[in-house]
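The block underneath contains the structure these notes are about, expressed in C-alpha cells.
Bear in mind that the values in this text are calculations on the coordinates, not laboratory data. Note that this is a predicted model, so its numbers are computed, not measured. Virtual Cβ from ideal backbone geometry, glycine too; neighbours counted across all protein chains shown.
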C-alpha cells in the first residue's frame with residue numbers, strides 16, 4: 001500500500017479520538033503528511049517489527065513529521081487493510097449470504113435455527129426485563145438475515161400496553177424502534193369500521209408493509225398476544241426466490257416490472273402518503289447488496305397511472321402513440337399477472353398458526369406475509385375445546401413494531417464480533 005494510505009490508517013489516539021473513535025484528520029491531510037517520503041523504502045530504524053500489548057505488528061516513525069509521530073499497525077489491522085473490504089462494508093454488501101427458499105427447503109435447512117425458545121434467549125430470571133444471551137440473539141438475527149424469517153416462541157403475553165410490553169423489550173434489545181404514524185408499537189385486532197384491512201377478520205393476501213413510504217421499514221416483528229379463533233393462519237413467501245424463478249422463466253416480463261414502478265398510497269384517517277417503487281430490483285436478487293428489495297403490496301396500490309415503458313423499450317411511448325401505450329399497458333398487466341402467479345405457487349408458501357407467545361421477525365422488503373380469514377368461536381365451541389374467552393378482550397390480537405435495516409445490521413455486526421471471540425477466539429482490532 002502507499003505511504004499515504006498507511007498514514008491515513010494510523011490507529012493512534014492522536015489520529016483516532018479515544019472516546020468518539022472518529023478520525024481527527026482527513027485523507028487529504030494524511031496524503032500531504034506522507035508525501036515527502038516518496039516511494040523510498042523506509043530504513044529499519046523508521047519501520048520495524050514491534051509488539052504492543054502482546055500483539056505483533058510494525059511500528060512506523062514517520063520521518064516526514066520529524067520522527068515526532070509514530071504509528072503501530074497490528075497484524076490483524078494490516079490484514080484488514082489489505083483485505084479489500086472493511087468491517088463496515090456489511091452495511092452495503094451481504095456478508096451473511098441470503099439463502100433463497102421454498103417451503104420445503106426452509107423446513108429442511110432451518111430445522112434447528114428457525115425456532116428459538118424465549119427461555120433460551122432470555123438470560124435473566126423469569127419475569128425480569130429481557131436480558132438476551134448474546135450468542136442466542138446472534139443466532140436469531142443470523143437466521144433473520146439469511147432467510148428473512150425467524151420465530152421466538154414463548155414470549156410472555158401478560159403485558160399488553162404499548163409502552164410496557166414484552167415485544168418492545170425484545171425489539172429494543174436489538175435497537176431503536178422505527179416510529180411511524182401507527183406509533184412505535186401498534187395492535188392488529190379485529191375492530192369495527194377498520195381503517196386497514198389488517199384490522200378486520202377478512203383474508204389478507206400476500207403483501208409488504210408501508211410501501212407508500214419512501215423508505216419502508218426493513219424489518220417487522222409481530223407478537224401473538226391472543227389467538228382464540230378458528231382460522232387466522234399466517235403464511236410467508238420468499239419473494240426473492242420467486243423473483244429469481246420469474247426472471248429466469250419470463251425475462252422480458254421481469255424487465256417490464258423493473259422499468260415500471262408502481263405507486264402505493266395511503267389516504268385515510270387524516271394521513272396522505274404516496275411513493276413509487278419498482279416491483280423487482282434493478283440488480284438480481286442474488287446480489288450481495290444488503291438493500292436489495294422486492295416491493296409488492298396490492299391492497300395499497302394507488303389508481304394506476306400511465307405506463308412508463310413497454311417490452312423491449314427504455315422510454316415511455318409518446319402521448320400520441322396510442323398503439324404503443326396500449327401495448328405497454330398490456331405488457332405491464334401481463335407481467336403483474338405472471339408475477340402474482342409465481343408468488344402464489346404452493347411450493348413457496350410456509351404456513352403456520354401463531355401460538356400465543358410467538359414473535360415472528362421477518363424482512364419486510366423480502367418476505368411477503370399474509371393471513372387467512374378467521375372467525376370467533378361460539379360459546380359452545382369455546383367450551384368444548386377449553387378456550388377461555390375474556391369479555392371485552394380481542395380474540396385474535398397481535399402487537400407489532402418495525403426496525404430499520406441499519407438497526408438490525410448494527411446489532412448483528414457487534415454480535416458477530418462477540419460470536420467470533422467467544423467461539424473462535426478471534427478478536428477484532430482497529
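Miscellaneous remarks
- On the principal axes of its alpha-carbon atoms, the chain has extents of 88, 69, 44 Å, going from largest to smallest.
- With the simple spin-label model, which puts each label point 7 Å out from Cα in the Cβ direction, the residue 24 to residue 65 separation comes to 0.9 nm.
- As a calculated quantity, the FRET efficiency between residue 248 and residue 390 at R0 = 41 Å, using C-beta atoms, amounts to about 0.20.
- Degrees separating the helix 405-419 axis from the principal Cα axis of the chain, which is the longest one: 60 degrees
- Ranked by the mean number of other Cβ atoms within 10 Å of their residues, highest first, the peptides 72-80, 398-406, 13-21 come out as 398-406, 72-80, 13-21.
- With Cα atoms as the point set, the radius of gyration and Dmax of the stretch 3-84 evaluate to 12.4, 35 Å.
- For the stretch 98-196, Kirkwood radius (reciprocal of mean inverse C-alpha pair distance, Å): 15.4 Å
- Point-to-point label distance, residue 381-residue 41, nm (Cα→Cβ direction, 7 Å offset): 8.4 nm
- Under the Debye formula (equal points on every Cα, no solvent term), log10 I(q)/I(0) of the stretch 332-430 at q = 0.17, 0.20, 0.22, 0.25 Å⁻¹: -1.01, -1.13, -1.22, -1.35
- For the peptides 233-240, 128-135, 336-343, residues were scored by their other Cβ atoms within 10 Å and the scores averaged per peptide; the highest-first order is 233-240, 336-343, 128-135.
- Relative contact order %, the chain, counting alpha carbon pairs below 8 Å whose residues are six or more apart: 23 percent
- Eigen-decomposition of the gyration tensor built on the alpha-carbon atoms of the stretch 154-269 gives equivalent ellipsoid semi-axes of 31, 18, 17 angstrom, largest listed first.
- Inter-label distance, nm, simple model (7 Å from Cα along the C-beta direction), residue 163/residue 303: 4.2 nm
- Nearest 10 degrees, 0 to 90: helix 322-343 Cα axis against the chain principal axis: 90 degrees
- Per-peptide average of other Cβ atoms within 10 Å, ordering 374-385, 35-46 highest first: 374-385, 35-46
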